[in-house]
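Okay, so here's the structure we're looking at.
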Amino acid sequence: MTPALVSAPRSVLPLRHLPVLWAALLVAVLGGCAELPKNVQRPVSTALETTAGTALATQVQERRAAASGRFESGFLLLSGPQAAYGSRLALVEAAQKTLDLQYYAIHADASTERLLRSVVAAARRGVRVRVLLDDFNTSGADAQVMRLAFEPNIEMRMFNPVAGSRDSSLWRMVSALSDFSRVQQRMHNKLFIADNAMGIAGGRNLGDAYFGHDTSGNFVDLDVLAAGPIVKDLSRSFDSYWNNERAYPVQSLITRKELDALRASAASVEEVDETPTESSSPPKAAPSPVTTASAAATASPPNATTALDALEAQRSRVWDRKPLNLAAARFVWAPAVVLVDKPAKIPADSAATTEPLAPQPGTPSPRDAVTAVAGQRNALAPAAPVHPVHVASVTPAPKTPTASITASPVGTSTAPTSGTPQAPSAAELEYLESQEDTVVDGLLQLMDQARRDLLIVSPYFVPGPEITAAFAAARARNVRVRVLTNSLASNDAPIAHVGYARHRKTLLAMGVELYEMHSEATGVRKALSATGSGSSGGSDGIGATGSTGSSRAMLHSKLVIMDHRLLAVGSMNLDMRSQKQSTGIARLIRSMDLSRRAGASIELALRDAAWHVELDARGGLVWRAPQGSDLQDATSEPGASVPLQLLLLLLGPLAPDHLL
């Protein structure tokens, strides 16, 4: 059966729509190119400077004292949807001064509805709320999320917006054809920070499929709840994006009247009171800024009644989710650093003049941050302060030459010039610097220091020359390298699988061990649910991860474990897109405890929930079935339909690695 493509977390122009691209291009040419607004005002704001006195800051101090923590920052793995959702609810309810949310996608559905109702309620009790959202997934029903910007005490900005229609994803694609490079470069950072005292970072966006409530497919993901000074580094990263010229206030892009028109065109639903509530049960008719959008996404005549009934049932399930008890959370206290790409990795639109922005505090270089933590060999010795991190002199590792795969900054020229060479502009220097030291580069430097074992989870795994070279160097040092990624059947973006599949034999030949996740949900959820101190998987009677139904499972976790002592969890993939185009963020934690717990969960998944890909005696591929399953070994993409496999064979040669 061909996998359903749900939620679309990949920031890739949907290649499955190739048959309509010619028609779309004709429309774009005839209709002209839309432009982004000029002279946009962006009032500068920053994170809460002093956290003392807030309930969350006090709780962090109490938890650290109770645990006799030697390090200032604490961490809790959030492996299951119940813990991931409940922790966000808990932060919203506990926030007293500020909430900062940064995401690639916020979908207008039942899970987001309840969460955003709580965010609006927090704003109305005096909490300053800032929401920074990548612009790509804001069409159709999901555009209604932008209504948050019109709520009191809430500011919302869109990062790297695409000019043009928001009527549907297809029309969004049409609008984007005239600026293809902008569409390809997206902000994948994911943060949820309360009072600058606690914050969540990881792979999850906001939506049903990330919290176990989608009926067709749910993502298997991992977040980390952090407490203490490390959160200030997360906030500095947020501020650098929030106050960047690539971030446009919603009001500069769309009006409330235009959102009303979009909502009316999406579906006709009953108008109800919009007053948010903090009730512990779902109101029958009190939508948040996305309530009517979630209804519109579900209801369509002539089955509107049935669809609305299903939506109400889904809302009831979501509303049964309880906030995580932060007072009972068992944090692991350890040294850590934040690895984050600079906003300049995505070129600014120089054609759109902006108001001058005040200089922003810098975030640590990913290479410097890795050196600061990974270079400390004794995991039991007190770490040097790493908040903030700055190493005066670090020589970057040699980079393997690659073909040019990124566009020059908008407004610059790559054509040769005669006469005296001109010095690069400040924008060009900022862009070039951002390309030379990325989160993926930091992880490659981390891999260079591995001595025994590398355990990697990357749902979209497209190894370019530098990643392949890092694996080859690790194998030359006799380092065991294992990679868990999606199978074709579990991949929500099947075209991305092409970029991985073409490298499988090369990786296997050098001794890299490859595993592809089985798409059957029950076994995957059980295998990837961490337990014990320092993690919170949660259980609500439905399953180890709290997911509902027997929907398809899709890997979305992104992590690297090195030598059982260093754990990196974030929003980055090991692919050329994450390395060269889109931005990401990760936390690198030096903890044998957390590394062991996360590693145990992955080890179980490799054994019980993944196909082990090997080379047979003739050099062909064979997929060894998960242990204890009733499945048989396979010699072609297991679980994927023949038409899908043929389609990818046809499209594969047309899709270069850096676009997957």
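The values are calculated or read from the model by the stated rules, or taken from the named source; none is laboratory data. Everything quoted here is computed from the prediction, not taken from an experiment. Here the Cβ positions follow ideal geometry from the backbone for every residue, glycine too, while neighbour counts run over all protein chains shown. Note: accessible area is taken over every heavy atom of the protein model, side chains too, but ligands, DNA and RNA are not part of it. Shrake-Rupley method; radii C 1.70, N 1.55, O 1.52, S 1.80 Å.
Summary table
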| read-out | value |
| --- | --- |
| Some residue of the stretch 551-567 being at pLDDT below 90 and part of a loop (DSSP other than H, G, I, E, B) | yes |
| Those residues of the stretch 601-647 which are closer than 21 Å to ILE495 by Cα, among the hydrophobic types (A, V, I, L, M, F, W, C), open to solvent by 20 Å² or more (accessible area, probe 1.4 Å) and at pLDDT below 95, in sequence order | VAL642, LEU646, LEU647 |
| Any chance SER168 is at pLDDT below 85, open to solvent by 10 Å² or more (accessible area, probe 1.4 Å) and either out of contact with any Phe, Trp or Tyr (no Cβ under 9 Å at 6 or more places or on another chain) or farther than 19 Å from LEU101 by Cβ (or both) | yes |
| Considering residues of the stretch 70-86 that are within 21 Å of LEU588 (Cβ to Cβ) and open to solvent by 20 Å² or more (accessible area, probe 1.4 Å) only, the residue farthest from the chain's Cα centre (by Cα) | ARG70 |
| The stretch 597-622 residues that are farther than 16 Å from SER487 by Cβ, paired with ones that are assigned to a helix (DSSP H, G or I) (beta carbon under 8 Å, 6 or more apart) | SER601/ALA527; LEU604/ALA527; LEU615/LYS505; LEU615/LEU508; LEU615/ALA509; GLY619/LYS505 |
| Qualifying positions in the stretch 564-590 - more than 25 Å from ARG246 (Cβ to Cβ) and open to solvent by 10 Å² or more (accessible area, probe 1.4 Å) | HIS564, ARG565 |
| Residue ID - least open to solvent (accessible area, probe 1.4 Å), chosen from residues in the stretch 114-155 that are acidic (Asp, Glu) and over 15 Å from ASN205 (Cβ atoms) | GLU151 |
| For ALA47: the one exception among (1) outside any loop (DSSP other than H, G, I, E, B); (2) touching a residue at least 12 places away in the same chain (Cβ under 8 Å) | (1) |
| Which numbered condition HIS107 fails, given (1) at pLDDT below 95; (2) under 20 Å from the mean Cα position of the chain (by Cα); (3) open to solvent by 10 Å² or more (accessible area, probe 1.4 Å) | (1) |
| Counted residues, the stretch 573-599 - those being modelled with pLDDT under 95 and among the hydrophobic types (A, V, I, L, M, F, W, C) | 2 |
| Lone qualifier among GLU245, GLU258 - being touching a strand residue (DSSP E or B) at 6+ places or on another chain (Cβ under 8 Å), open to solvent by 60 Å² or more (accessible area, probe 1.4 Å) and modelled with pLDDT of 70 or more | GLU245 |
| Every pair of residues 6+ apart whose Cβ atoms lie under 7 Å, when the first sits in the stretch 319-342 and is in contact (Cβ under 8 Å) with a residue 24 or more places away in the chain and in a strand (DSSP E or B) while the second is of a type in the set (D, E, K, R) and buried (at least 21 other Cβ atoms within 10 Å of the Cβ) | ALA336/ARG587; ALA336/ARG590; VAL338/ASP233; VAL338/ARG587 |
